1. Just the C-alpha atoms of the protein assembly as shown: what Rg/Rh do they give, with Rh taken as the Kirkwood radius?
2. Counting only other chains, what is the mean number of Cβ atoms within 10 angstrom of the Cβ of each residue in peptide B:48-61?
3. On C-alpha positions alone, give me the angle between the axis of helix A:25-38 and the longest principal axis of chain A, in degrees, nearest 10.
4. Let me know the mean shielding of C:12-23 by other chains, meaning the per-residue number of their Cβ atoms within 10 Å of its Cβ.
5. Within 10 Å, at most 11 other Cβ atoms, and a DSSP state outside H, G, I, E, B define an exposed site. Report the longest part of chain A free of exposed GluC sites (Glu not before Pro).
6. Of the peptides C:16-22, A:5-11, how do they stack up when ordered by the mean number of other Cβ atoms within 10 Å, highest first?
7. Helix C:268-281 versus the longest principal axis of chain C: what is the Cα-based angle in degrees, 0 to 90, to the nearest 10?
8. With N residues in segment C:13-74, what two-decimal value do you get for its Cα radius of gyration over 2.2 N^0.38 Å?
Amino acid sequence: MSTTVMPNSWNINTKPHKFCPGCGHGHVLRALGEAIDDIDIQDRTVFGCDIGCSLLAWDFFNIDSIQTHHGRTTPVMVGIVRANPSLIGIAYMGDGGGYAIGAQHLVNSANRNDKILVVLVNNTNYGMTGGQMAPTTLPGQVTETTPYGRDALETGAPTQGPELVAAITGENAYVARGTVSNLRQLKKYFKKALENVQEGNGFSFVEVLATCPTNWRTNAKDTWKFLEENMASYFKVGEYKVPPTKREG
Amino acid sequence: MNKSVKIAIAGEGGQGVQSIADIIAEAGNEEGLEALYIPNFGIEQRGGVSVAYVQIAEKLIGSPKFEKGDVVVALSKRAVDRIIPYVGSNTIFVYDNSLIYIPEVSDEVVGLQSYETVAPEAQTNGFSLKEGEHNHYLIPHYADKVIGVPATDIAKKELHPRVFNIVILGAVIEAAGILSQESVKNAMENNLGSKFEKNPQLRQLNIDALQKGIQKIKEALVRS
Amino acid sequence: MEKPIQEEKRVFMTGNEVVAWGALAAQADIMYGYPITPQNEIMHYWTRLAPKYGKSFLQTEDELSAGFATIGGVLAGKRSFSATAGPGNTLFQEPISMAEMMRIPMVVAIQQRGGPSTATVIYSQQEVNMTTYGGNGEGLRIVYSTATHQELFDYTIKAFNNAWKYRFPAFILGDGYQAKMREPLIMYNPEEKGIEMVKPDVSLGKEGVPGKDRDPVYLRNAYSMEEELFEVLMPMIEEYNKVSPEIEEHFSLGCEDADLIIVSHGIVSRAAMAAEEELRKEGIKVGLFRPITLRPFPEGAIREICKSTPNILIVESANGQLARLVKEALFGLPINMQAIFKPGVGITSEEIIKFIKSKKTEEIIAK
């Protein structure tokens, strides 16, 4: 995978993008853009981004896009594809939108087996609002609202999203957790997830472990270390549910 | 003069209060009149007292609820309590006297003797009932007319217990005096037609019940 | 596929059923709904009618989702609607704010119930504040307060048309009484009556490859700078103000020679109308002013009337929610105002008559 050529589905006029240096979003959107290119669905895809850092992607793609908030990107996409089932809806959001304020939408959309893809970027904090605790903040992790480190006994353990979604979806759902430290794998997950939606088969959900050096207050080396060691040890990367049609071998 | 009538009916859930009200309103509509029916749809919807309000008039009806009814009907003791506020000095008050024992005399002390059961506290409250006040077992004697219709007994002995509410329907129609029997029968047909199809005897039974109710009110109004 | 209402016909039904038929007559495509009393039967009737006429329905997980999914339906180019009440309307303010900001013509029928919070499932006029100015916005909405079943039908059709014509969210503001009561009305096919149905258009998922055959559509809802937002909002507000006179509607009765004007809206105005007639018979010169649109408020019309008759009696089943709109509209005029506020409780003509008669002439009629 080349890192110099932009995917066709990207809008070159809005690049360089607006994310912080070292942010994981750009990598996620690259893998997503390439997956869209590979299965050639740019003309049928509708992209929705949420509140928080994900909203900076509102003009990212050469794809009709809308920005909303509070994890409501999911019902907006559901509304669109229910009204026009020929469209492929992608709801793009952070861990706050998907697992906290809009958790009911993720849970119920998954349960209804809506034909949409939800991409949830997990960077263990609320980035745009200044680095507060997220549902995914690791035990002991320092954030603006857990200045002495997250106490799991007080504030709960990090949300295991794909595990949750996999448990409540039907067998035609596709559920995976990828990471920006393995973009080849991530792109593969996105392709399977999008194909699952394209085929009208079922709900697709991909959580992506991503970096946030600005709020982690880490240098390049420590950023990567936090992602690959701390996060990956808690959040297991891999496929959690693969519909029968997508199973290999 | 514009014709108009305001009707309030109260009974126990399952007594068919809402379906009578519905038929009356539909009959009004059948005649090309303005008709407005609103059920009491509060918590009472599940068990408890069911109340229905119907208004029929020649022109657009005002508020769906009103203060005093022209015809007010109570089909149980609890319903009397609930509906008394709607009884005014021009009201014809109809109750099922096979279910509710209400003294026929308005003398306060003598009247109390005919109560089915009287708790001491009801006695002390009940001696001087004025308009606006009410008591569980007291008749609203300030009404224009108070007419007991033994609908339950008539239905049980002469027809079928199921048509009890149609006897009441007949009584209301006659007391209201605004609708033709024809349109009421049409509305009954619309409401109950499918049941009549299954059981043709039911049609005649219902028509008889309607007539009994009408007759009871006719007699009572002549007597007074 | 069956065609909805072709010929005019007189029907006798509940208000909730009327709204479902009105949406069908307005050629609505899809409803997204969540149960709450007293609007439930709108969904019940819609779900029964929908398959016969090729329409869709989705029961969502809450009113937030119902509102946002309705927005999605609109973006896909379909006439989309929802219905709600009370605490559901509270949740709806979030999607409605977005619809306001992004000029999304969503349509919502609201059957007001008692408030605050859960309160009663029965009736009120306490959702006026919320429906006209709720959410974090400027109230760029169209709100029709209906009084009869005929109006529920007429204004459901109009709400769809004016939402799509002006691209502001539109509301049919009914109440629990209207929802549950039955009365006659005439149903019709609007096109047979010469009402031109405004065609919906697709916002997202248009023809062609974005970036190649056409520019991509970016619907933005967040701005980085104050000035950026201001530049977006001001033309929107100016446009709303400009089209307001076209949208505003009111009804007035006997105001020309009246000493006192009763101001009420929705179903309460029926009691006011009956009171007006009764009082006139007794030689008391009373008029009635009823705003049909609560947003935009028919300010010009009420100011004109109150210039010659400065005595008003505001009657509403809320603690001054209509009064606030009226006072704002009449700002600067010398007004003598009386009020009957009965939050969450129905009002009869008898009460209005009693109130007016209980007052000394000089109390209600300032000369």
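Please treat every number below as a calculation from the coordinates, not as lab data. Not measured: the values here are computed from a predicted model. Because the Cβ atoms are built from the backbone with ideal geometry, glycine has one as well, and the counts that use them run over all protein chains shown.
1. For the protein assembly as shown, the value is 1.06.
2. The shielding value for this peptide is 2.
3. It works out to around 20 degrees.
4. 1
5. Here the longest segment lacking exposed loop sites spans A:1-170.
6. For the peptides C:16-22, A:5-11, the packing ranking is C:16-22, A:5-11.
7. Approximately 30 degrees, to the nearest 10.
8. 1.04
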